[in-house]
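Asker: Mind looking over this structure? Questions follow.
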Amino acid sequence: MGFDRSKVKFIHAVQVFATMSESTLKHKMEVYRRCGWSESDISLAFSKHPICMKYSEKKIMDNMDFLVNDCGFKPDDVARCPALLGLNLDKRMKPRFLVARVLNEKGLLKKKISAATLLKMPEEEFLKRYVVNYQEDVPELLEIYRRKLSVSEMGFSQQVIFK
C-alpha cells in the first residue's frame, strides 16, 4: 500500500494485517461497500487511517448513518476522512452536532461549519469556541452539550447545517 515505514500508520497497517483474519478483512470491506464505498474509497480510507478496518460493523454502520444522514456527508467524503468513523457517536458527534444546530438556528453562526473540523477539534477548543463563547446568548448550551436537554425539547428543526 506504499506506507512509509517510519510513520505510525505503517505500524497500524501491520497490526491490522497481523491481528485480523483474511475472512474478517473481507467482511469489513463488504461492510464499507454496503455503506456506499467503492474499492478505491476503501483503499484510500485504509491508507489514511488503517485502524478503520478494526472498527466493529455496528460502529461503522452507526457512524456512517449519522455522518451521511444527519451531517450531510457523502459516503466518499467519509472515506477521505476515515478517522471520523472512530469517534464516539453519543459522547462526541451527536452533542457537537446539537450545539452547532442550536447556534445555527439562533443565527449565531455567521458561516457554515466544516463538520469534519468541528468533529475532530480537540475538546477544549470546541468548548471554548462553540459553548463558552455563546453562553450569554444561549445559557442552556452547556446542558445541551452534556445531553441534559434535547434539541427537540427546545423546538429546533433537524436541518443539516454543515457545508
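Asker: When you scan the range 75-90, do you find a residue that is assigned to a helix (DSSP H, G or I) and under 30 Å from GLU136 (Cα atoms), even just one?
Answerer: Yes.
Asker: Take LEU67 and decide whether it is in the same structural domain as VAL138 (by TED's automatic domain parsing), part of a helix (DSSP H, G or I) and within 30 Å of GLU140 (Cβ to Cβ).
Answerer: So LEU67 does not fit the description; no.
Asker: Kindly provide the set of residues from the range 1-35 that are farther than 16 Å from LEU84 by Cα and in a loop (DSSP other than H, G, I, E, B), ordered by number.
Answerer: Of everything in the range 1-35, those that are farther than 16 Å from LEU84 by Cα and in a loop (DSSP other than H, G, I, E, B) turn out to be MET1, GLY2, PHE3, ASP4, ARG5, SER6, LYS7, MET20, SER21.
Asker: Looking at (1) surrounded by fewer than 12 Cβ atoms within 10 Å (Cβ to Cβ); (2) in a helix (DSSP H, G or I); (3) modelled with pLDDT under 95, find the lone condition where LYS58 falls short.
Answerer: Among (1) surrounded by fewer than 12 Cβ atoms within 10 Å (Cβ to Cβ); (2) in a helix (DSSP H, G or I); (3) modelled with pLDDT under 95, LYS58 violates only (3).
Asker: Still on this structure, I have one more. Identify the single condition in (1) within 13 Å of the chain's Cα centre (by Cα); (2) assigned by TED's automatic domain parsing to the domain that holds THR19; (3) on the phi < 0 side of the Ramachandran plot that GLY72 does not satisfy, given that it satisfies every other one.
Answerer: Only one criterion is unmet by GLY72, namely (3).
Each row is one residue, and each column tells you yes or no for (1) surrounded by 13 or more Cβ atoms within 10 Å (Cβ to Cβ); (2) over 14 Å from the mean Cα position of the chain (by Cα); (3) part of a strand (DSSP E or B).
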residue: LYS110; (1), (2), (3): no, yes, no
residue: ALA116; (1), (2), (3): yes, no, no
residue: LEU119; (1), (2), (3): yes, no, no
residue: LEU127; (1), (2), (3): yes, yes, no
residue: TYR130; (1), (2), (3): yes, yes, no
residue: ASN133; (1), (2), (3): yes, yes, no
residue: PRO139; (1), (2), (3): no, yes, no
residue: LEU142; (1), (2), (3): yes, yes, no
residue: ARG147; (1), (2), (3): no, yes, no
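Asker: Sticking with this structure for a sec: I need every pair where a residue in the range 15-28 that is more than 12 Å from TYR55 (Cβ to Cβ) has its Cβ under 7 Å from the Cβ of a residue that is charged (D, E, K, R) and assigned to a helix (DSSP H, G or I), sequence separation at least 6 or different chains.
Answerer: none
Asker: A further question on this structure: Test of understanding: among ARG5, ARG80, ARG92, which residue is among the charged types (D, E, K, R) and free of Cβ contacts under 8 Å to residues at least 12 places away in the same chain? Break it down stepwise before answering.
Answerer: Numbers: ARG80 fails: free of Cβ contacts under 8 Å to residues at least 12 places away in the same chain; ARG92 fails: free of Cβ contacts under 8 Å to residues at least 12 places away in the same chain.
None of the others qualify; the one that does is ARG5.
Asker: Which count do you get for residues in the range 72-97 that are hydrophobic (A, V, I, L, M, F, W, C) and buried (at least 21 other Cβ atoms within 10 Å of the Cβ)?
Answerer: 7
Asker: Another question, then. Could you tell me which of the residues LYS106, LYS128, LYS112, LYS148 is at pLDDT below 90, over 16 Å from CYS71 (Cβ atoms) and not small (Gly, Ala, Ser)?
Answerer: Exactly one of LYS106, LYS128, LYS112, LYS148 is at pLDDT below 90, over 16 Å from CYS71 (Cβ atoms) and not small (Gly, Ala, Ser), namely LYS148.
Asker: Further question on the same structure: Give the number of residues within the range 10-41 that are hydroxyl-bearing (Ser, Thr, Tyr) and loosely packed, with under 13 Cβ neighbours inside 10 Å.
Answerer: Total meeting the criteria: 4.
The values are calculated or read from the model by the stated rules, or taken from the named source; none is laboratory data. Only a predicted model underlies this, so the values are computations on that prediction, with no experimental measurement involved. Cβ atoms come from the backbone with ideal geometry, glycine included; neighbour counts cover every protein chain shown.
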